[in-house]
Amino acid sequence: MKLIICRWQRVAVLFFVLASFLNLSHQLEAADHAESLYSKAASNYHRLYDDPVFASNSDNWLRTIKQFQIVQHTYPTHYRAPASLYNTGRLYRSLFRIKKRQIFLDRSSLTFRKLIEDYPKSKLADDGQFLLAENYGRFEKNKHLAVLEYKNLLKWYPESDFRKDAEKRIQLLQPPHKDLQIYAVEEKVSIPVEMATQRYGGLAEAEDDPERPQVKVTKIDYWSTVDWSRLVINAKSDVRYKYRILQEDLSHPQKRLILDISHAYLPAGMQKKIASNDGLITEARIAQFDKKTVRVVLDMVSLDKIKVFHFKLPLQYKIVIDIQGQHDLSELKPAARSRDVDQPKMKESGPLSLSRVFGLKVKRVILDPGHGGRDPGASAFGLLEKDVTLGIALSLKKIIEQNHPRIKVLMTRKRDKYLKLEARTAFANKNRGDLFISIHVNASPRPRIRGVETYYLNLTSDNEALALAAKENQTSLKSISDLQNILNDLLTNSKIKESSELANKVQKSIVEMTTKSSHKLRDLGVKKAPFIVLLGAQMPSILVETGFLSNEAENRALRGKKFRYTLAQGIYQGIKIQMN
Ligand SMILES: [Zn+2]
């Protein structure tokens, strides 16, 4: 008996030794594999810089980039992972210098940013930070962003070898104060459309080189209601466009918008009629107007206001046309007219209450859990932003429905699904929301940063707010500053005052609510920034960043259902007053 036990024990021990050896050898094998992948990529990397023949084929560059990306992707915790990102950033940067294509520069900057954010403690993080600043300063010619990134280097990596260089560059670049001005936004009630005036957008005339290759128009999306429509033209890269509005006359009894995209082409077989008799749109169509121009024609029942703007994502360029008009009111269903009823009488004095600013009670709330599907948002310690935002939004929906059975809560997504930014706002407008709340979670390369902040749409001169908007918009800081410029025009009709009021209430009540919980959120205040997801929303709208995933304690809190519920309660208390 004894012997048998002994033997079994021996077998067990042997098994254990064998198992841990196998496990260890498995790990070693993986590490070996990472190492061999990395060394293959590294030898190609050196060849690209040493062998002009090899370097003359851009496929070799792209292949080497891919090899590094595979190392980082497959073995994100391997010690070669940060170097793989760093080399990827450098290769894209060189490729940009050879090919002069903006996309390579964007990718270079995005890669350096990922390096800084995902591996803040790596020895290469400050190198990445420096080259990111250089990208902005030397190639983008954006002094403002370059200075911001050099300053980040000084702030986050005070021991860096690049410290002296960064200081020197800041001195050279330090922009005069006029670059930092805050644009005043006038609160006009409505702007009449300037009929028949030709307007331009997108690339500047000087950049519109007639010799450059034509850009492919890939897709048209649209959303339409009786008094609002949004049309989004998707193209492969930057374009220049012009548009004008024709008044109705005998030959065309509709209001008509004509938008021409130059140096563009429509692939064969792309649908010519986009929409007909849908809400405000009588007909929308797209066609190759001449060899180099794609034309969009939009006939509308009526037209009061129009906003045309564009923005850029990696490998995508979008032109958005938002129109507002009026259908015969008698055709509207009662639900859709809810905005006109229940108007409380305005008082002339007294503090500005939300209901006074809003002038109506909330009947429909739109909740927008940030990111989803193939877009995880921020991530840290294995926790993904998209999961946290969905958890909070679902809790908030439940709380509102329990307390206010008559209020309708609609969600842009109820599950782990990818959704374009412009589709989220369109969903809110199409469903005639009275409030739009976009829920996000922040992350920072500095692990100590924590707290909650609430945003509303506006121009800003706050660098950190701009950087956050770039991240949430999935775009580069360069595109954000472009967006700031066009925003000036677009904001005249947004509900800025209401949104800022709403942001203040929600911010305050989240902080209060978490004070009583296991994790008190630091109050980072109410801020403004150009978020694409809020752009064009017709109702008061805010974006809440409910904490930092990158802070270990906050990350732990955000994992729990209970804390997500507390956050939902906080948002609810901030908007509740509108619902009674
Ligand atoms: Zn986000």
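The values are calculated or read from the model by the stated rules, or taken from the named source; none is laboratory data. Because the structure is predicted, anything quoted here is derived from the model rather than measured. Glycine also receives a Cβ, built like all others from the backbone with ideal geometry; neighbour counts cover every protein chain displayed.
I need a count of the residues in the range 39-95 that are among the β-branched types (Val, Ile, Thr), under 19 Å from Tyr119 (Cβ atoms) and crowded, with 22+ Cβ neighbours inside 10 Å.
Of the residues in that region, 3 qualify.
Only one residue in Leu410, Leu367, Leu459 is of a type in the set (A, V, I, L, M), part of a loop (DSSP other than H, G, I, E, B) and outside the structural domain of Tyr119 (by TED's automatic domain parsing), so which one is that?
On the way: Leu410 fails: part of a loop (DSSP other than H, G, I, E, B); Leu367 fails: part of a loop (DSSP other than H, G, I, E, B).
Criteria check complete, one pass: Leu459.
From Ser237, Ser229, grab the single residue that is touching a residue at least 60 places away in the same chain (Cβ under 8 Å), outside the structural domain of Ala423 (by TED's automatic domain parsing) and within 21 Å of Thr425 (Cα to Cα).
Ser229
Considering only the range 99-129, how many residues are small (Gly, Ala, Ser) and in a loop (DSSP other than H, G, I, E, B)? Talk me through it step by step, then tell me what you get.
So the first thing to find is which residues in the range 99-129 are small (Gly, Ala, Ser), and the list is 108-109, 122, 125, 128.
Next cut, in a loop (DSSP other than H, G, I, E, B) only: 122.
Number of matching residues: 1.
Considering the range 467-485 alone, what residues qualify as being under 22 Å from Arg107 (Cβ atoms) and away from the ligand (no atom under 15 Å from the Cβ)? Explain how you work it out, then say what you get.
Filtering the range 467-485 for residues under 22 Å from Arg107 (Cβ atoms) gives 467-483.
Once the filter is applied, which keeps residues that are under 22 Å from Arg107 (Cβ atoms) and away from the ligand (no atom under 15 Å from the Cβ), the range 467-485 yields Ser476, Leu477, Lys478, Ser479, Ser481, Asp482, Leu483.
Testing Ala428 on (1) surrounded by 21 or more Cβ atoms within 10 Å (Cβ to Cβ); (2) within 15 Å of the ligand (Cβ to nearest atom); (3) under 14 Å from Leu534 (Cβ atoms), one condition comes back false. Which one is that?
(2) is the only condition that Ala428 fails.
Any residue that is of a type in the set (Lys, Arg) and at pLDDT below 90 - is there at least one of those in the range 279-287? Before you say what the answer is, go through the steps one by one.
Start the filter on the range 279-287 by keeping residues that are of a type in the set (Lys, Arg), which leaves 285.
Then keep just the ones that are at pLDDT below 90; that gives none.
No.
Out of all the residues in the range 451-468, is one or more at pLDDT 80 or above, in contact with a strand residue (DSSP E or B) (Cβ under 6 Å, 6 or more places away or on another chain) and among the β-branched types (Val, Ile, Thr)?
yes
I need the full set of residues from the range 308-323 which are under 11 Å from Leu231 (Cβ atoms) and either over 14 Å from the mean Cα position of the chain (by Cα) or not in a strand (DSSP E or B) (or both), in order please. Talk me through it step by step, then tell me what you get.
Keep residues of the range 308-323 that are under 11 Å from Leu231 (Cβ atoms), which gives 308, 318-323.
Residues satisfying the conditions are Val308, Ile319, Val320, Ile321, Asp322, Ile323.
Checking the conditions here, which among Ile392, Ile399 is within 16 Å of the ligand (Cβ to nearest atom) and touching a Phe, Trp or Tyr at 6+ places or on another chain (Cβ under 9 Å)?
Going through Ile392, Ile399 in turn, just one is within 16 Å of the ligand (Cβ to nearest atom) and touching a Phe, Trp or Tyr at 6+ places or on another chain (Cβ under 9 Å): Ile392.
Residue check: is Ala81 more than 23 Å from Tyr38 (Cα to Cα) and either touching a residue at least 24 places away in the same chain (Cβ under 8 Å) or assigned by TED's automatic domain parsing to the domain that holds Arg446 (or both)?
Numbers: more than 23 Å from Tyr38 (Cα to Cα): no; either touching a residue at least 24 places away in the same chain (Cβ under 8 Å) or assigned by TED's automatic domain parsing to the domain that holds Arg446 (or both): yes.
Considered against the rule, which asks whether it is more than 23 Å from Tyr38 (Cα to Cα) and either touching a residue at least 24 places away in the same chain (Cβ under 8 Å) or assigned by TED's automatic domain parsing to the domain that holds Arg446 (or both), Ala81 comes out as no.
Can you name every residue in the range 432-465 that is away from the ligand (no atom under 14 Å from the Cβ), under 20 Å from Leu535 (Cβ atoms) and crowded, with 19+ Cβ neighbours inside 10 Å?
Arg432, Gly433, Asp434, Leu435, Phe436, Tyr456, Leu457, Asn458, Leu459, Thr460
Being under 17 Å from the mean Cα position of the chain (by Cα) and more than 20 Å from Lys497 (Cα to Cα): is that true of Thr425 here? Give the derivation first.
Numbers: under 17 Å from the mean Cα position of the chain (by Cα): yes; more than 20 Å from Lys497 (Cα to Cα): no.
Against the criterion (under 17 Å from the mean Cα position of the chain (by Cα) and more than 20 Å from Lys497 (Cα to Cα)), Thr425 does not qualify.
Just wondering, is there one or more residues in the range 372-389 that are without any contact (Cβ under 8 Å) to a residue 40 or more places away in the chain, surrounded by 23 or more Cβ atoms within 10 Å (Cβ to Cβ), over 22 Å from Tyr456 (Cβ atoms) and within 13 Å of the ligand (Cβ to nearest atom)?
yes
How about the range 516-561: which of its residues are within 26 Å of Gly382 (Cβ to Cβ), in a strand (DSSP E or B) and within 14 Å of the ligand (Cβ to nearest atom)?
The answer is Leu543, Val544, Glu545, Thr546, Gly547, Phe548.
In the range 403-412, is there at least one residue being under 22 Å from Val320 (Cβ atoms) and more than 16 Å from the ligand (Cβ to nearest atom)?
Restricting attention to the range 403-412, the residues satisfying the condition of being under 22 Å from Val320 (Cβ atoms) are 410, 412.
Those still in the list that are more than 16 Å from the ligand (Cβ to nearest atom) too: 410.
Yes, the range 403-412 contains at least one residue that is under 22 Å from Val320 (Cβ atoms) and more than 16 Å from the ligand (Cβ to nearest atom).
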